[in-house]
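Before any comments, here is the structure.
The values are calculated or read from the model by the stated rules, or taken from the named source; none is laboratory data. What you see is a predicted model, and the numbers here were worked out from it, not measured in a lab. Neighbour counts are summed over all protein chains in view; Cβ atoms, including those assigned to glycine, are modelled from backbone coordinates with ideal geometry. Surface areas here come from the heavy atoms of the whole protein model, side chains and all, with no ligands, DNA or RNA. Shrake-Rupley method; radii C 1.70, N 1.55, O 1.52, S 1.80 Å.
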Amino acid sequence: MARIRVLVVDDHRIFAESLAAALAAEPDVDVSAAGSGPAALRALERAAAEGRGYDVLLVDAELGALTTGGAHAVPVPRQEDAGVVDGISLVAGVSSGRPAVRSVVLAEKDDPRAAARALQAGASGWVAKDCSLQRLLAVIRGVLRDETHLPPALLTGVLRELTAARKHRTESERLVESLTPREREVLRCMVAGLGRKAVAERLFLSPHTVRTHMQNVLGKLGVHSTLAAVALARRAGVGPAEHPLGNVVERGGQLAQ
């Protein structure tokens, strides 16, 4: 019998352990649990190194909220957490780095906007935490057949959010296309979290020239802050500048593949 390897990722310890125990009772399921995004990434790396990678991740939609001030707080990455804390970021990272692994988001409430973000990040499903074990197992097996699972009550709202996101992306792409090649380089450095001095050193420009380019970028994008410019760039699909050695430059001087 082919066994399904599942990793439960939830910082609510009692819930994670209870769900893992329930799944482990199934004859064709092997399950482990991780209490944070970084712990999940380490578990994925260990499993891959041992030649027994995971098939499905069950990720808490509110992952990271316990340490950042509640369910509505914006997770603040810590350096030791390698920049991955919240559930959507984890889904996106796994989808990009380990496309064979399917991710299913577990949520306490229906949220069309969050569900749409999860799908855009690469999730294959969005399931209520209080669903039956049979329903969850059906979703797990379904995503392994490349199915996408959403509660019927969320479908209309999610489609609306995805349509709106596509419209915003088109507008964002148009604004980015108005930039000169040099301004786009500067924007990619901004996305990477580089400050004016670091951008100047990277592009062999004076800080004054970089300041002018940054002001031009903000003006052409129609925004008033670097954070807003980065958010718009992300919507347009603009990635961070790469390190000369081929690594992506991340905030704080860290490098990540």
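Note down the net charge around Ala123, summing +1 for each Lys or Arg and -1 for each Asp or Glu among other residues with Cβ under 11 Å from its Cβ.
Values: positive: Arg102, Arg117; negative: none.
Combined, the nearby Lys, Arg, Asp and Glu give +2.
Express in nm, to one decimal, how much length is gained between Arg234 and Thr163 on full extension, taking 0.36 nm for each residue of separation and deducting their alpha carbon distance.
Using 0.36 nm per residue and subtracting the Cα-Cα distance, I get 23.9 nm.
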If each of Thr148 and Gln215 carries a label point 7 Å out from its Cα toward its Cβ, how far apart are those two points in nm?
4.4
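Tell me, in nm to one decimal, what length is gained between Thr180 and Arg5 on full extension, where the rule is 0.36 nm per residue of separation less the Cα-Cα distance? The partial results should precede the final answer.
Numbers: separation 175, 0.36 × 175 = 63.00 nm, distance 4.80 nm.
Stretched out fully, the Thr180 to Arg5 stretch lengthens by 58.2 nm.
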Full extension from Asp110 to Thr170: what is 0.36 nm times the residue separation minus their Cα-Cα distance, to one decimal in nm?
18.9 nm
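When only DSSP loop residues count, what GluC sites (Glu not before Pro) in region 144-229 have their Cβ near at most 13 other Cβ atoms within 10 Å? Mind dumping the intermediate values first?
On the way: sites: Glu147, Glu161, Glu171, Glu173, Glu177, Glu183, Glu185, Glu201; in loops: Glu147.
Those that pass, being in a loop and sparsely packed, are Glu147.
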Quick calc: nm separation of the 7 Å Cα→Cβ label points for Ala25 and Ala39 -> 2.3
Amide H proximity to Ala34 below 5 Å, modelled H, separation 5+ or other chain, gives Val8, Val9, Asp10
Taking H as built 1.01 Å from N, whose amide H comes closer than 5 Å to the amide H of Val29, not counting residues under 5 places away?
Ile4
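Which order do you get for Arg141, Arg102, Arg46 if you rank them by accessible area with a 1.4 Å probe, largest at the top? Mind dumping the intermediate values first?
On the way: Arg141 75, Arg102 55, Arg46 135 Å².
Sorted by accessible area, descending: Arg46, Arg141, Arg102.
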Report ³J(HN,Hα) in whole Hz for each residue of region 111-121, in order, from the Karplus equation J = 6.51 cos²θ - 1.76 cosθ + 1.60 where θ = phi - 60°; Gly and Pro get x.
9, x, 5, 5, 5, 5, 4, 5, 5, 4, 6
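If I take R0 = 41 Å and measure r between the Cβ atoms of Lys197 and Ala48 in this structure, what FRET efficiency does the formula 1/(1 + (r/R0)^6) give, to the nearest 0.05? Can you show the working numbers first?
Values: r = 38 Å, r/R0 = 0.93.
In this case the efficiency is close to 0.60.
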